[in-house]
1. Where both partners of a DSSP beta bridge lie in the range 191-283, what percent of those bridges are antiparallel, to the nearest 5?
2. Calculated from DSSP H runs of 4 or more alone, at -39500 (n - 2.57) each and per residue, what is the 222 nm mean residue ellipticity of the chain, nearest 500?
3. Take the alpha-carbon centre of the range 227-245, take the same for the range 328-405, and report the distance between them in whole Å.
4. If you restrict to DSSP beta bridges whose two residues both lie in the chain, what percentage is antiparallel, to the nearest 5?
5. In nm, give the distance between the simple-model label positions of residue 78 and residue 5, each being 7 Å from the Cα along the Cα-to-Cβ direction.
6. Angle check, please: helix 327-341 long axis (alpha carbons) against the longest principal axis of the chain (alpha carbons), in degrees 0 to 90, nearest 10.
7. Using a 10 Å cut-off around each Cβ, can you sort 87, 171, 266 from fewest to most neighbouring Cβ atoms?
8. Under the rule a/c < 1.5 gives rounded, and otherwise a/b versus b/c splits prolate from oblate, where does the range 337-410 land using the Cα gyration tensor?
Amino acid sequence: MSASLFTILFIATLVLTTLAKLWLAQRHLAYIASHRDRVPDAFAGQISLASHQKGADYTSAKTRFSMLSILFDAVLLLGFTLAGGIEKISELSAHWFSGSLAQGIVTIVIALLISSLLEAPFNIYSTFAIEGRFGFNHMTFALYVADALKGLLIGAVLGLPLLAGVLWLMERMGTYWWLYVWGVWVLFNLLILFIYPAFIAPLFNKFSPLKDEATKSRIEALLARCGFTSSGLFVMDGSRRSAHGNAYFTGFGKTKRIVFFDTLLEHLNIEEIEAVLAHELGHFKHRHVMKRIVSTFAISLAFLWLLGALMQTSWFYQGLGVSTPSTANALLLLFMTMPLFSFLLAPVMSAYSRKHEFEADSYAVRQTNSRDLVNALVKLYQDNAATLTPDPLYSKFYDSHPPASIRIAHLEAA
């Protein structure tokens, strides 16, 4: 393939993907608006019209803002590629440092920092304007900055050695460097799974052992029935940052722990909490977490193999506005453009995730009362202002969970 032909392919894919995303968002907005004035029959009597309309307005606000982000992301990608952003950063790195490893690290770090800084206003507006307008944001700007600095520090401590190791292997391990890099990547991710609950998560939130004895006893009985062992039941101070509620498993092996947002415990009764946890245990029983880890590792292996093939061609660099081939430039280019070329895989991945949610729901109703899970979900939809009427096509592309009405219908049938 020639460089000019690849440039045309890149521009065409960028334009078509951007237009498709905007079209899907517009469909979503129109569908929500057309159903805003009536609560769906499945939720009549459980959710008020005011709550339904809040969910519609909240989702619409986020969707409209996402359309601006879509356009910005397209411009930013063009800036880094055809407009010469990566090329300029690479030239500056070569001017500052003589070694290829140092040049590569600096090139990637600068590109990521620029991207993060340019995207920060979008994150700030989403947090303090949209989330704040609908009563969900509890975060102060000082806490936001503190979180950002902590994230930056953790990224430097963990990410820089990994980046240095990856670039070193790419330069020194010959034709099959991608196998060595993949092995390091797998080990790094497994390490993060082990250390995250005890060392990283507590840097951002406070985790306290669950103290309510009635709830604790009921949960422990459920865990025993399901054959699940964990290192503890914890309550996270999620209300410090947001009014949204959730519960999740974290960790791996003996470091597994169950975490409840304090906001979740405030809004659900003990039977509903048990039902929500049973759903999460369904993911464990069906090995969904392990399946997702394995699929992620498989995708990363394919990604690295593809990178190994592309970085040997001149058209890959030149077609994306980079005249200086290097391992760092190749890594950056594929990292930035891969989401563009893999956009059509989004509905496949979403369908796979929704399948897991249905399986977890089915497991939950075998362990607890299905009505308790339905009631819990209705409360969560209402408390989180999730729209009850997403556009079906938009949902197929983006939603990792089934739409509310479909999910409730499955549970009631069960």
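1. Beta bridges within the range 191-283, antiparallel portion: roughly 65 percent.
2. Calculated at 222 nm, the ellipticity per residue is -22500 deg cm²/dmol.
3. 21
4. Percentage antiparallel, nearest 5: 65.
5. So the two model labels end up 2.5 nm from each other.
6. 50
7. By the 10 Å Cβ count, ascending, the order reads 266, 171, 87.
8. It comes out prolate by the Cα gyration axes.
Bear in mind these aren't lab numbers, they're just calculated from the coordinates by the rules spelled out. Bear in mind that the values here come from a model prediction, so they are computed numbers and not experimental data. All Cβ positions, glycine included, derive from the backbone under ideal geometry; neighbour counts span all protein chains shown.
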